[in-house]
Amino acid sequence: VTVRRLAPAHQQPATFAFTAENEAWARQQLTKFPEGRQASAVIPLLWRAQEQEGWISEAAIEAVAVMLSMPKIRVLEVATFYTMFNLEPVGRHYVQLCGTVPCHVMGALDLKEVCRRVIGPERQVTADGALSWLEVECLGACVNAPMAQINADYYEDLTPERFEWILGELRAGRVPPPGPQNGRQLSAPLGGDTTLTDTSIYDGASRSDTAGDTREALTDVGAKRPTVEGSQQDTPAPSSQVAAAGAAEGKAPGTAAAVSAVQPTPAPQPEPMLPAQDGAVPASEAPGTAGTSATLMEGPHAPQGGDIARGAPGRSPRTPGGGRPVESGGKTAEPRQPSQTSDRGGEVTGPDRDVGTEEKP
Ligand code: FES
């Protein structure tokens, strides 16, 4: 069990302020919530503060509390509860090494030794500011154990030698390809497929609706790329990390060149949603979209009187607003756009099934 406390006083900056760009972004977030509910933006704002500074200082917590008209203690509770918030300075490349049982038995102990030798003690940033590390609990990639998360990317199937090489590359300003490091495709068996090896079942020939589809199957070459930070897909925000990375390579802070030092490869953009064809299921009612709710509630288990949870009239597949969930203010919420690309496969995934509001703290 880790006790999460704020960094010691000597590490705390005296003040915190969002950059003008981040301030504008934060103010825009507040408009997403009804009057009096601005506290719901606490996690996005803390996350933005962390993206700007690399970690959450006490001054940042106070600034967010003021912006959201919240007691400081409530923001502190959120920041100390969620381990995604760094409560102390971290390196430009922050290594979170999984030490839970599957990774442990597959060699995480050896990786810890690499961290101690190459980076130094846990939670300590190297003198050049490039690296720091922390042992964490399971990161959900056990089938690719042992693994480590470095910034937003997973490096899997690690060996001590490969891990040390990766750390060296990062320190030198180069970003090695994330994902499995032993040559296998994603989580597929090492050495290739052992079942479903008849390729004719994948070429579309057996399906009349995909006949002639010559698209290539997903490969690691296209699938694994360093991930663009989540909110930077929303609004780029030069951070101290980006500036430092650019400066380290002699590039002007905030320039595209400096940004590319941290993000060498942009993530693939989601494909645009196509208009519904005759006879096709409209996008707003495709499985997993907001529009599905009314249709889902049509079955034998639909509640009497309609979809109580979403406030939509029951037993009608065509509710006003196309079956979209209704917000408390009577406003229909837009269904989510096609979601971000996945760093686990590069595929464009469909809209999240957890629909209704855009972001929930
Ligand atoms: S145990 Fe390491 S990712 Fe699950």
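Annotation: amide H-H contacts under 5 Å for V136 (H modelled 1.01 Å from N, sequence separation of 5 or more, or interchain): L97, C98, G99. With a/c under 1.5 counting as rounded, go ahead and sort the stretch 75-156 into rounded, prolate or oblate using the C-alpha gyration tensor (a ≥ b ≥ c being the square roots of the eigenvalues; past the cut-off, prolate if a/b is larger than b/c, else oblate). Because a/c hits 1.5 or more and a/b fails to exceed b/c, the stretch 75-156 counts as oblate. First measure r as the distance between the Cβ atoms of R27 and T83, then evaluate 1/(1 + (r/R0)^6) with R0 = 25 Å and state the FRET efficiency to the nearest 0.05. About 0.35, to the nearest 0.05.
Across the stretch 132-142, computed HN-Hα scalar couplings (Karplus, 6.51 cos²θ - 1.76 cosθ + 1.60, θ = phi - 60°) run 8, 8, 8, 7, 10, 7, 2, 9, x, 10, 4 Hz from first to last residue, x flagging Gly and Pro.
Backbone amide hydrogens, once placed in the peptide plane, bring G179 within less than 5 Å of Y154, Y155, E156, excluding anything fewer than 5 places away on its chain. Taking amide H positions as placed 1.01 Å from N in the peptide plane, with prolines and chain starts having none, which residues 5 or more places from H93, or on another chain, fall under 5 Å of its amide H? Correct list: L131, S132.
FRET efficiency for the pair T195 and D110, taken as 1/(1 + (r/R0)^6) with r the Cβ-Cβ distance and R0 = 25 Å, rounds to 0.20. Placing pseudo-labels 7 Å out from each Cα toward the beta carbon at C138 and Q12 gives an inter-label distance of 3.6 nm. When the stretch 68-205 is described by a simple charge dipole with +1 on each Lys and Arg Cβ and -1 on each Asp and Glu Cβ, the residue from Y94, Q181, A79 located farthest towards its positive end is A79. What FRET efficiency comes out for E122 versus E35 if R0 is 45 angstrom and r is the Cβ-Cβ distance? Round to the nearest 0.05. So, using R0 = 45 Å, E works out to roughly 0.50.
When each of the peptides 10-17, 125-132, 153-160, 77-84 is scored by the mean number of other C-beta atoms lying within 10 Å of its residues, the order from highest to lowest reads 153-160, 125-132, 77-84, 10-17. The phi torsions of the stretch 47-63, fed into the Karplus equation with coefficients 6.51, -1.76 and 1.60 and a -60° offset, translate into couplings of 5, 5, 4, 5, 5, 6, 9, x, 7, 9, 8, 4, 5, 5, 4, 5, 5 Hz, rounded to whole numbers, with Gly and Pro shown as x. Shown here for the stretch 137-181: trypsin sites (Lys or Arg not before Pro) in loop regions (DSSP other than H, G, I, E, B) with at most 13 other Cβ atoms within 10 Å, namely R174. Note that the stretch 113-126 has calculated 3J(HN,Hα) couplings of 4, 4, 4, 5, 6, 8, 9, x, x, 4, 6, 10, 7, 5 Hz, one per residue in order, obtained from phi through the Karplus relation 6.51 cos²θ - 1.76 cosθ + 1.60 (θ = phi - 60°); glycine and proline are x. At full extension, R5 and R174 could sit 57.6 nm farther apart than now, given 0.36 nm per residue minus the alpha carbon distance.
Rule-based calculations on the coordinates, nothing more; no lab input. What you see is a predicted model, and the numbers here were worked out from it, not measured in a lab. Don't worry about glycine lacking a Cβ; one is built from the backbone with ideal geometry, like all the others, and counts go over all protein chains shown.
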